1. Per-residue counts of other Cβ atoms within 10 Å, averaged by peptide: what ranking do you get for 20-26, 49-55, highest first?
2. Pull up all non-local amide H partners of ILE41: gap of 5 or more, or a different chain, and H-to-H distance under 5 Å with H placed in the peptide plane.
3. Output the 0 to 90 degree angle, nearest 10, between the alpha-carbon long axis of helix 56-97 and the longest principal axis computed from the alpha carbons of the chain.
4. If I fit a long axis through the Cα atoms of helix 101-136 and take the longest principal axis of the Cα atoms of the chain, what angle between them do I get, 0 to 90°, rounded to 10?
5. Tell me, what HN-Hα J-couplings in whole Hz come from the Karplus equation 6.51 cos²θ - 1.76 cosθ + 1.60 at θ = phi - 60° for each residue of region 43-52, using x for Gly and Pro?
6. Given the convex hull over the Cα atoms of region 1-98, what projected area results after averaging over all orientations, in nm²?
7. Determine the calculated [θ] at 222 nm for the chain from helices alone, applying -39500 (n - 2.57) to every DSSP H run no shorter than 4 residues and normalising by the residue count; nearest 500 deg cm²/dmol.
8. So who's got an amide H within less than 5 Å of the one on ILE36, skipping anything under 5 residues away but keeping other chains? H placed 1.01 Å off N, in plane.
Amino acid sequence: MSAELPDYYFRVRDNGAFVYRVDTENRQRRIEMDQIAVVNIRNGDIKPHGGRTLSDQDLDEIKTWMADRTALLASRDIDDIHRAVDYLNTTAHWAQSKASPEQLEMVTDDLLLAMHDLRTVLVRKKADRLIKARDAT
């Protein structure tokens with residue numbers, strides 16, 4: 001554990017975090033965490049906790065955390081999609097070389113429907129982008 005703790009701690013939750021101010025400057029040298037706010041990264045809300053007023057430093061730290069967290073979640077999303085592509089490739093190889101007829105029977109309809117749905121969405125989005133690019137020129 002590092003010798004110096006951060007001034008703020010963010011307890012992550014589904015849409016944001018609970019924000020705590022970390023204090024070790026007390027008589028017992030205990031770590032105290034005082035909740036100062038609740039943040040929602042989806043709508044950008046920062047709600048002070050317990051009727052307190054947030055300082056400019058508090059707001060700066062919270063906004064920095066929100067921006068960093070949003071970027072982290074976006075990178076995780078795209079990483080998940082790249083993994084999905086890998087899974088599709090692995091699934092194709094499995095279906096072609098390893099799957100038994102019984103296994104294929106169990107998954108074929110679900111896979112075909114999911115791939116059809118994905119293809120429909122991707123084709124529509126691609127067409128929308130092409131039309132938008134054509135109209136912009």
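1. Values: 20-26: 13.0, 49-55: 10.9.
Top to bottom by mean Cβ count within 10 Å: 20-26, 49-55.
2. Residues meeting the criterion, in which the H sits 1.01 Å from N, are GLY16, ALA17.
3. Taking the Cα atoms of the chain, the angle to 56-97 is about 20 degrees.
4. 70
5. Rounded to whole hertz, the list is 10, x, 5, 10, 10, x, 9, x, x, 7.
6. Values: hull surface 39.8 nm².
Answer in nm², one decimal: 10.0.
7. Values: 2 runs with 78 residues, N = 137.
Value at 222 nm, helices only, nearest 500: -21000 deg cm²/dmol.
8. Under 5 Å from the amide H of ILE36: VAL19, TYR20, ARG21.
Every read-out reported here was derived from the displayed coordinates using simple, explicitly stated rules and does not represent laboratory data. Everything quoted here is computed from the prediction, not taken from an experiment. With ideal geometry, Cβ positions are generated from the backbone for all residues, glycine too; neighbour counts draw on all protein chains shown.
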